[in-house]
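Asks: Dropping a structure here in structure tokens format, bear with me for questions.
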Amino acid sequence: MKIVVLVKQVPDTAEERKLDPATGQLDRESTDLVVDEINERALETALRIKDTNKGTEVVAMTMGPDQATQSLRKALSMGADSGVHVVDDSLSGADTGRTAATLAAALRSTGFDVVVAGNESTDGRAGVVPAMIAEHLQLPLLGSLISAEIADDGVRGVRQGEGGTLNVRAGLPAVLTVTERFPEARFPNFKGILTAKRKPVITLSVADLGVAATPSRSVVISTAERPPRAAGRKLIDDGDAASELAEFLVANRLV
Amino acid sequence: MTNILTLIEVSHRGGIAASARGLLAAAATLGSPVAVVVSAAPLADDDVARLGELGAVKVYSAVTAAAGSVLVAPAVDALSRAVDAYRPAAVLTANSVDGREAAARLAVRVGGSVLADVVRVRSDNGTVVAQHSVFGGAYTVESVVEGGLPVLTIRQGAIEGEAPAATAEVDTVSLEATTDAATVIDQFNDDVAVSVRPELRTAATVVSGGRGLGSSENFVLVEQLADALGAAIGASRAAVDAGYIAQTAQVGQTGVSVSPQLYIALGISGAIQHRAGMQTAKTIVAINKDEDAPIFEVADFGIVGDIFTVVPKLIEAVKARSN
């Protein structure tokens with residue numbers, strides 16, 4: 001079985017993230033860039049299948065500027081067999097539609113039985129790219145799963161819905177997305193880090209993939225930074241803090 | 001007047017989803033709201049009347065045997081046919097798991113673009129402008145779609161108010177069940193406890209608990225204060241990971257984003273990922289024994305103290321005042 005895991009390099013959520021006020025796009029210089037944690041869980045899902053079935057091939061795929069190759073190296077050091085890096089200057093600032101069309105083309109050329117992605121990235125949080133890819137490829141999507149069983153004859157999973165969960169299934173090939181309820185990812189070990197350097201990473205450009213420009217696109221027209229919150233009163237409890245808080249809540253009509 | 005389509009979700013038990021109000025309210029600010037509903041049986045008169053009360057001028061009722069047994073695909077088919085029928089200026093779905101998958105597939109199918117997690121909409125000389133709250137409210141960004149149909153996913157609980165009530169005109173169509181490349185639903189498992197507390201996303205007051213509660217037994221302290229204030233219950237990721245409370249209560253970067261009038265954080269250190277889900281609250285109160293906890297940097301009123309002594313006294317004081 002061939003599993004492609006979609007990986008996105010994002011700003012570390014442990015730091016203050018910035019937008020470039022001129023373009024409305026992510027300021028990549030201001031924060032450390034890391035593999036989004038949800039993608040590591042997606043990769044872990046694929047690697048667990050490989051652990052029990054050695055015939056499984058795991059490919060990590062990303063789209064992003066040159067430095068996004070670091071996220072593929074991380075995936076390779078964790079245990080992925082190879083990487084695919086879609087990189088092209090014309091993709092800078094690509095919206096979800098352009099991103100999905102490009103990744104769908106890259107998936108078509110790479111080949112797969114299953115695509116595993118995170119349910120949403122921590123930066124964009126749109127959560128639409130996997131469904132767009134599934135639509136381009138005319139495939140079933142099992143989205144926002146809290147558990148999954150991937151077998152040669154299909155995928156079964158439990159989806160987190162709005163008022164409960166749903167048991168869902170589909171045949172292969174299929175796209176599935178995992179939520180934080182999936183197990184945490186393994187750490188790369190020393191051997192993994194060493195062998196990662198010898199694993200192949202293919203680079204694909206827009207011309208290689210022959211993706212036409214999407215006629216429709218989303219455009220940011222304004223960006224405004226919210227003023228930082230100022231800290232207010234801070235009391236050390238000496239026994240009366242609770243009643244002072246109650247007075248504060250009453251005075252501000254909050255109770 | 002230009003048509004605006006809204007995808008109204010219906011639970012597998014037949015109830016109209018709570019997101020319908022906000023979707024129709026947002027649609028009414030842009031044009032004439034059309035409610036697109038997918039169901040296995042034709043809509044009951046009560047449901048049509050209810051959608052009218054919420055502002056739907058028209059109801060596009062797509063009836064298909066696949067509703068309830070095939071995931072999302074029937075909604076995409078219904079929306080795509082409704083786009084042909086109504087030539088809308090925009091399509092609105094909830095930013096729910098189903099809503100955003102339907103929005104994503106629709107945008108690809110009809111040549112549009114998605115504007116995701118929208119908190120406000122406006123029309124600028126006929127152009128649909130979407131407002132987003134980015135990086136946990138650190139930025140407000142406005143976006144538009146060029147060259148195609150705008151498909152907006154609306155953050156649940158973000159749109160206030162109601163559309164003017166209308167008498168909905170119903171257009172019932174039957175959809176063929178699509179089985180190609182389908183994800184099949186085998187079973188629905190409802191959340192067990194239907195809480196009598198307000199819904200987290202839309203509550204005016206939220207009381208959240210963190211690792212400082214120490215155990216799931218102690219988390220009852222959060223519930224007691226929430227009930228004294230008529231509040232919804234939230235939690236930090238640390239409290240969820242520790243198993244004190246269900247994941248659906250998680251507030252933060254990867255959980256629910258809330259903007260209540262009052263947010264009370266109990267035993268929450270306030271890591272940046274948690275603040276990303278609550279820092280747009282109007283008033284923030286924090287109680288934590290660690291005086292260096294970062295939550296105090298954003299708190300309007302902070303108490304450095306033991307939650308197990310301060311909170312019971314606070315509950316008493318609140319109850320005494322309300323009597």
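Where a number appears in this text, it was derived from the coordinates with a stated rule and is not lab data. Only a predicted model underlies this, so the values are computations on that prediction, with no experimental measurement involved. With ideal geometry, Cβ positions are generated from the backbone for all residues, glycine too; neighbour counts draw on all protein chains shown.
Asks: What does the convex hull of the Cα atoms come to per residue for region B:3-174, in Å³?
Replies: Working: hull volume 17.9 nm³, N = 172.
Each residue corresponds to 104 Å³ of Cα convex hull volume.
Asks: Extent of region B:1-59 along each principal axis, from alpha carbon coordinates, in Å, largest to smallest?
Replies: Dimensions of region B:1-59 along the principal axes of its Cα atoms: 32, 18, 17 Å.
Asks: If we count every other residue with Cβ under 14 angstrom of B:Val184's Cβ, Lys/Arg +1 and Asp/Glu -1, where does the sum land?
Replies: Details: positive: A:Arg156, A:Arg159, A:Arg169; negative: A:Asp153, B:Asp180, B:Asp186.
Net charge around B:Val184: 0.
Asks: Any idea what angle helix B:73-86 forms with the longest principal axis of chain B, computed on alpha-carbon atoms, 0 to 90 degrees, nearest 10?
Replies: The helix B:73-86 is inclined about 60 degrees to chain B.
Asks: Restricted to Cα positions, what overall size does region A:135-255 have along the principal axes? Three whole-Å values, descending.
Replies: Here the spans come out as 66, 41, 39 Å, largest first.
Asks: At 7 Å along the Cα-to-beta-carbon direction for both A:Asn189 and B:Arg109, put a label point, then send me their distance in nm to one decimal.
Replies: 4.7
Asks: Can you give the FRET efficiency to the nearest 0.05 for B:Ala65 and A:Ile146, using r as the Cβ-Cβ distance and R₀ = 30 Å?
Replies: 0.60
Asks: Put a dot 7 Å past each Cα toward the Cβ at B:Arg81 and A:Ala230; how far apart are the dots in nm?
Replies: Placing both labels 7 Å beyond Cα along the Cβ direction yields 5.9 nm.
Asks: Using a cut-off of 16 Å between alpha-carbon atoms, which aspartates and glutamates can reach A:Lys234, once sequence neighbours fewer than 8 places away in the same chain are excluded?
Replies: The reachable aspartates and glutamates, counting only those whose Cα sits under 16 Å from A:Lys234, are A:Glu244, A:Glu247, B:Asp290, B:Glu291, B:Asp292, B:Glu297, B:Asp300, B:Asp306.
Asks: How much net charge surrounds A:Ser144 when only other residues with a Cβ under 12 Å from its Cβ are counted (Lys, Arg +1; Asp, Glu -1)?
Replies: So the environment of A:Ser144 carries a net charge of -2.
Asks: Choose one of A:Met78, A:Leu145, A:Pro227: the residue whose Cα lies farthest towards the positive end of the charge dipole of chain A (beta-carbon charges +1 Lys, Arg; -1 Asp, Glu; about the Cα centre).
Replies: Positive-most Cα among the choices belongs to A:Met78.
Asks: Kindly identify region B:225-291 as rounded, prolate or oblate by the Cα gyration tensor criterion: order the square roots of the eigenvalues as a ≥ b ≥ c, call it rounded if a/c is under 1.5, otherwise compare a/b with b/c, prolate if a/b is larger, else oblate.
Replies: rounded
Asks: In deg cm²/dmol and to the nearest 500, what is the mean residue ellipticity at 222 nm of chain B if only DSSP H runs of at least 4 residues count, each as -39500 (n - 2.57), divided by the residue total?
Replies: It lands at -8000 deg cm²/dmol.
Asks: Mind checking the mean number of beta-carbon atoms from other chains within 10 Å of the Cβ atoms in A:137-143?
Replies: Values: counts 1, 2, 3, 9, 8, 3, 8.
Partner-chain Cβ atoms within 10 Å, mean over residues of A:137-143: 5.
Asks: Given the C-alpha centroids of region A:63-120 and region A:129-188, what is the distance between them in whole angstrom?
Replies: Comparing the Cα centres of region A:63-120 and region A:129-188, I get a distance of 18 Å.
Asks: Can you tell me the orientation of helix B:307-322 relative to chain B, as the angle in degrees between its alpha-carbon axis and the longest Cα principal axis, to the nearest 10?
Replies: Value to nearest ten degrees: 70.
Asks: Which FRET efficiency value, to the nearest 0.05, do you get for B:Glu316 and B:Ala165 by plugging their Cβ-Cβ distance into 1/(1 + (r/R0)^6) with R0 = 41 Å? Don't skip to the end; give the middle numbers.
Replies: Working: r = 44 Å, r/R0 = 1.06.
That pair, B:Glu316 with B:Ala165, gives E of 0.40.
Asks: Suppose every Lys and Arg Cβ carries +1 and every Asp and Glu Cβ carries -1, with no other charges. What dipole size does region A:130-176 come out with about its Cα centre, to the nearest 20 debye?
Replies: For this selection, approximately 80 debye.
Asks: For chain A, return all DSSP H helices satisfying: extent of Cα atoms along own axis at least 18 Å; mean Kyte-Doolittle hydropathy at least 0.0.
Replies: A:96-110
Asks: For the protein assembly as shown, what does the equivalent ellipsoid look like in terms of its semi-axes, each the square root of 5 times an eigenvalue of the Cα gyration tensor, given largest first in whole Å?
Replies: On the way: eigenvalues 274, 197, 104 Å².
Semi-axes, largest first: 37, 31, 23 Å.
Asks: Using alpha carbons only, how many degrees (0 to 90, rounded to 10) separate the axis of helix B:220-229 from the longest principal axis of chain B?
Replies: Taking the Cα atoms of chain B, the angle to B:220-229 is about 70 degrees.
Asks: Over all directions, the average projected area of the alpha-carbon convex hull for region B:200-322 comes to how many nm²? Each step should come with its number before you reach the end.
Replies: On the way: hull surface 25.5 nm².
Average projection, Cα convex hull of region B:200-322: 6.4 nm².
Asks: Another one. In nm, to one decimal, how far is the B:Arg211 label point from the A:Thr203 one, both placed 7 Å along Cα→Cβ?
Replies: Computed distance between label sites B:Arg211 and A:Thr203 equals 4.2 nm.
Asks: How large are Rg and Dmax for region B:134-197 when calculated on the C-alpha trace, in angstrom?
Replies: Considering region B:134-197 through its Cα atoms, Rg and Dmax are 19.4, 46 Å.
Asks: Output the direction-averaged projected area (hull surface divided by four) of the convex hull of the alpha-carbon atoms of chain B, in nm². Show your work: numbers first, answer last.
Replies: Values: hull surface 71.9 nm².
It is 18.0 nm².
Asks: If the cut-off is 27 Å between C-alpha atoms, which lysines fall inside it for A:Lys191, apart from same-chain ones fewer than 8 positions away?
Replies: Excluding near neighbours in sequence, the set is A:Lys2, A:Lys8, A:Lys50, A:Lys54, A:Lys74, A:Lys199.
Asks: Neighbour counts of other C-beta atoms within 10 Å: give me A:Met63, B:Met1 arranged from fewest to most.
Replies: The fewest-first ordering by Cβ neighbours comes to B:Met1, A:Met63.
Asks: For each of A:His85, B:His12, count neighbouring Cβ atoms within 10 Å of the residue's Cβ, then give the residues from fewest to most.
Replies: Going from least to most buried by this count: B:His12, A:His85.
Asks: To the nearest 20 debye, what is the magnitude of the charge dipole of region A:2-209 about its Cα centre, counting +1 on the Cβ of each Lys and Arg and -1 on the Cβ of each Asp and Glu?
Replies: 740
Asks: A further question follows. So what's region A:1-120 giving for Rg/Rh, alpha carbon basis, Kirkwood Rh from the mean inverse pair distance?
Replies: 0.98
Asks: Ranked by Cβ crowding within 10 angstrom, fewest neighbours first, how are A:Leu43, A:Leu107 ordered?
Replies: Values: A:Leu43 27, A:Leu107 23.
Ordered by Cβ neighbours within 10 Å, fewest first: A:Leu107, A:Leu43.
Asks: Treat every Asp and Glu Cβ in region B:115-258 as -1 and every Lys and Arg Cβ as +1, leave all other atoms uncharged, and give the resulting dipole magnitude about the Cα centre to the nearest 20 debye.
Replies: In debye, rounded to 20, region B:115-258 gives about 680.
Asks: Using the Cβ atoms and a cut-off under 15 Å, what net charge is assigned to the surroundings of A:Ser243, where Lys and Arg are +1 and Asp and Glu are -1?
Replies: Numbers: positive: A:Arg233, B:Lys313, B:Lys319, B:Arg321; negative: A:Asp237, A:Asp238, A:Asp240, A:Glu244, A:Glu247, B:Glu316.
That works out to -2.
Asks: Next up: Shape of chain A from its Cα gyration tensor (a ≥ b ≥ c, root eigenvalues): rounded if a/c is under 1.5, otherwise prolate when a/b > b/c, or oblate?
Replies: prolate
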